[in-house]
Amino acid sequence: MRYEIRYSPSYALAIIALDAGEAIQAEAGAMVSMSDGIRMDTGVRGGLMAGLKRTLLGGESFFINTFTAERPAHVTVAPSLPGDIIALEVGDQPLFVQSGSFLAATPEVKVDTSWGGAKTFFSSEGLFLLKCTGQGTVWLSSYGAIHEVNLEPGERYIVDTGHMVAFDASVKYEVGRAGGWKSTLLGGEGLVCKLTGPGRFYLQTRSPASFLSWLVPKLPGKRE
């Protein structure tokens with residue numbers, strides 16, 4: 001298997017070349033194109049209950065498409081929003097991914113929801129994260145570009161919850177206010193995620209929620 005990511009960071013496209021017998025699993029709607037020799041099967045990864053759990057709690061698609069190469073061929077995938085794609089290796093430790101950022105993965109990677117606890121109750125991203133385990137590659141997408149931060153042991157970092165993409169399981173986190181309640185309510189920053197290393201953290205340079213808050217008031221109202 002080989003891959004390359006083109007047209008980053010605004011309109012990224014992942015081109016994944018598969019040898020005969022190799023496969024990837026992708027979110028419903030992620031496929032842009034595929035060459036002759038690819039067989040696509042649609043199903044529920046992990047069974048009915050696992051699919052419902054990811055859909056209702058993790059915000060992901062109920063169905064997963066599996067693309068299998070019957071001979072050397074390629075598949076291209078991309079996110080629905082303008083933005084970037086990053087390929088990460090999952091190995092010795094789990095990778096936590098924010099809902100909506102998962103794009104595709106090799107079959108060896110298991111994707112499940114993970115309870116975030118009360119610390120995410122007020123987060124705009126919800127109560128659940130996607131937990132990627134196993135040995136393989138995952139392709140994640142963003143709105144805007146993806147920025148990587150490598151945290152040293154004990155190093156702290158603060159990011160707006162709407163800009164989170166993924167982080168290693170070794171990174172501890174909690175959701176709280178950026179400042180006092182006045183700053184939280186009136187300063188436009190809302191709630192933030194407070195991270196503590198060691199580990200990798202990935203953020204997106206744009207927030208879908210911020211874009212919608214700018215766009216929706218400008219939309220024409222319903223005509224009577």
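Only the coordinates and a few stated rules stand behind these numbers; no lab work does. Quick caveat, the model's predicted, so the values are computed rather than measured. Here the Cβ positions follow ideal geometry from the backbone for every residue, glycine too, while neighbour counts run over all protein chains shown.
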Taking 0.36 nm per residue of separation between Gln93 and Gln135 and subtracting their Cα-Cα distance, the length gained on full extension comes to 14.2 nm
Taking a crude spin-label model, label points 7 Å out from Cα along the C-beta direction, the Ala20 to Glu4 distance in nm is 2.5 nm
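Order of 131-137, 193-199, 87-93, 100-106 by packing, highest average Cβ count within 10 Å first? All intermediate terms of the calculation are to be shown ahead of the outcome.
Details: 131-137: 17.1, 193-199: 19.0, 87-93: 14.6, 100-106: 24.1.
Going by the mean number of other Cβ atoms within 10 Å, highest first, we get 100-106, 193-199, 131-137, 87-93.
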Per the rule of 0.36 nm per residue minus the C-alpha distance, extending Leu81 to Phe63 adds in nm 4.5 nm
Placing each pseudo-label 7 Å from Cα in the direction of the beta carbon, Leu13 and Arg206 end up separated by a distance in nanometres of 1.8 nm
Surrounding charge for Gly37, neighbours by C-beta under 10 angstrom, Lys/Arg +1, Asp/Glu -1, total 0
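Could you compute the FRET efficiency for Ser33 and Ala145, with r as their C-beta to C-beta distance and R0 at 30 Å, rounded to 0.05? Present the calculation step by step, with values, prior to reporting the outcome.
On the way: r = 23 Å, r/R0 = 0.78.
Taking R0 as 30 Å, the efficiency between Ser33 and Ala145 is 0.80.
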